[in-house]
Amino acid sequence: MIGVHTKLRISGLLVPNGPGPQRALIVASFVSRVGNGLFNTAAVLYFTLVVRLPAAQVGAGLTIAGLTGLLAGIPAGNLADRYGPRTVWLTTLTMQAATMAAFVLIHSWVTFTLVATLDRLAATGSGAAGGALIARTGGERPAAFRARLRTFVNLGVVLGTLGAAFAVSADTRTAYTALILANAASFACAALIALAGVPNYRPLPRPEEHHRWAVLSDRPFVSFVALYGAMGLQYQTVSLLLPIWLSAHTDAPRWTVAAVYAVNSGVCALLQSRIGSRVESPRQGGRAFRLAGLLFLVSCPLMALTADVPVRIAPGLAVLAVCVHSLGEVWESSAGYALGFGLAPDHAQGQYQGLFGIGFDAGQALAPVVLTTAVLGLGHAGWLLLGVFFAALGAAGPAVAAWAQRTRLTSAARDGLSPVP
């Protein structure tokens, strides 16, 4: 009889895998994301109201930190591939715990920017190493595991956000400090959970032609990273653009914004496992990406129409639009997992996840400027163009997936290996 843990043979190495390591990684990720939800909700208020930094300085410091943090993606991924993903992930979690705790000690813009930069470097490195760890822990049904992981990650952020509401309502230095220290503790707890429950996977053998920047020469993968980073604007369409639109262009009740957040989180949490577990291969990922673009093409005009309907109808239309958009988000994230992991060589998952994270983070950094200037500036036409933009990106998904598979079939035939399915 086979035990609880299955054994996967990868490149000649027997690696323990199964429910235990997967459960530990899910719990560790959930705990750290609860902390993220606690901190992210109140971070700007803490820096501006408690530390008393001008909003412009906070924005400049976060921009510097965000751009500098991108530099850690590929180097951290290479370290994960060379020394093992768990070792690097635990190191970055420890760094995040330290930098987060240091936020309670800052008193000037220089120290704020320095701590924020170190924090973003650690966070980017954590994403690369964590991605490699997800790939090694996936087991025989990696798509189902990744879908469950994302579901709990989303739930963690929601719970953290709800918890932060109490500190924001109290609006005291003590309350904000408690949030920051709780986030620091969440990273430390996540590291301890991973240390106890996730195996220390050995590095996989690398081919002689492998080099530290090999991912940059993988043109199909780089192309998908660019597509996914651009499609990432859809996240802030709900979290940033729609709330501004509802406030400035409609008479919808203010509770509509809260309803939008709740519906988005609920739809993603309910459907991620069901849909994501069915998107396994790169080919399925390409099709899922196309479907996501079509759903965004429908949701964006619906959001724009909230300004043209009676006030009693606007909240319902906004919720309907967000339901459609959230369904697209589930398909888009499932496509990202299928292609982001499925196209990466086993021995270089860290490096590939590092570039994947850079592309996504770069898109998120540009999103506020693009959405608030281009879309809001053009009004209804801007919303329509945004939907068409998403649909065009999605339409390219199957072609990029097919291109990537052709290159891997050629490489596999040359090297005598099994191709990507």
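Residue separation of A60 and A374 scaled by 0.36 nm, minus their Cα-Cα distance, works out to 110.9 nm of gained length. With each label modelled as a point 7 angstrom along the Cα→C-beta vector, the A402-S223 pair spans 1.1 nm. Using a probe of 1.4 angstrom and keeping all protein chains present, the accessible surface of the stretch 271-421 works out to 41 square angstrom per residue. Taking each residue as 0.36 nm, the span from R206 to T174 lengthens on full extension beyond its C-alpha to C-alpha distance by 6.5 nm.
Evaluated over the Cα positions of the stretch 264-421, the convex hull gives a direction-averaged projected area, one quarter of its surface, of 10.2 nm². Computed over protein heavy atoms with a 1.4 angstrom probe, the accessible surface ordering of H325, H249, H107, H347, largest first, is H107, H249, H347, H325. In this structure the stretch 179-232 gives 49 Å² per residue of accessible area when probed at 1.4 Å with all protein chains present.
For E140, the accessible surface of its heavy atoms amounts to roughly 140 Å² (probe 1.4 Å, protein chains only, rounded to the nearest 10).
Leaving out ligands, DNA and RNA, and with a 1.4 Å probe, what % of the accessible surface on the stretch 284-421 is carbon or sulfur? Taking all protein chains in place, the stretch 284-421 shows 72 percent carbon and sulfur surface. Treating only the Cα positions of the chain as identical point scatterers, give the base-10 log of I(q)/I(0) from the Debye formula at each q in 0.06, 0.09 Å⁻¹. Summing over Cα pairs of the chain leads to -0.24, -0.56.
For the pair C323 and Y261, the difference between a 0.36 nm per residue extended length and the Cα-Cα distance amounts to 21.3 nm. For the stretch 137-151, the Karplus equation 6.51 cos²θ - 1.76 cosθ + 1.60, evaluated at θ = phi - 60°, returns couplings of 9, x, x, 7, 10, x, 5, 5, 5, 5, 5, 4, 4, 5, 4 Hz by residue, with Gly and Pro reported as x. Reported to the nearest whole Å, the Cα centre-to-centre distance from the stretch 204-234 to the stretch 315-333 is 29. Among I313, I74, the order of accessible area from largest down is I313, I74, computed with a 1.4 Å probe on protein heavy atoms. Sorting D119, D308 by accessible area puts them as D308, D119; the probe is 1.4 Å, largest comes first, and only protein heavy atoms count.
With only the Cα atoms considered, the stretch 136-274 has a convex hull volume of 195 Å³ per residue. If only the Cβ of Lys and Arg carry +1 and only the Cβ of Asp and Glu carry -1, the dipole of the chain around its Cα centre is close to 840 debye. Solvent exposure of the stretch 14-144 amounts to 40 Å² per residue of accessible area, where only protein heavy atoms count and the probe is 1.4 Å. In this view, the solvent-accessible surface of L121, computed with a 1.4 Å probe and all protein chains in place, comes to about 50 Å².
Just the protein heavy atoms count here, and of the accessible area of the stretch 105-222 at 1.4 Å, carbon and sulfur take up 66 percent.
Projecting the Cα atoms of A72, V369, L241 onto the charge dipole of the chain, computed from C-beta unit charges around the Cα centre, puts A72 farthest toward the positive end. Dividing the helix sum by the residues of the chain, where each DSSP H run of 4 or more adds -39500 (n - 2.57), gives a mean residue ellipticity at 222 nm of -25500 deg cm²/dmol. Based on Cα contacts under 8 Å between residues 6+ apart, the chain shows a relative contact order of 24 percent.
The values are calculated or read from the model by the stated rules, or taken from the named source; none is laboratory data. Keep in mind that what you see is a predicted model, and the values were worked out from it rather than measured. Virtual Cβ from ideal backbone geometry, glycine too; neighbours counted across all protein chains shown. Keep in mind that these areas ignore ligands, DNA and RNA; they rest on the heavy atoms of the full protein, side chains included. Shrake-Rupley method; radii C 1.70, N 1.55, O 1.52, S 1.80 Å.
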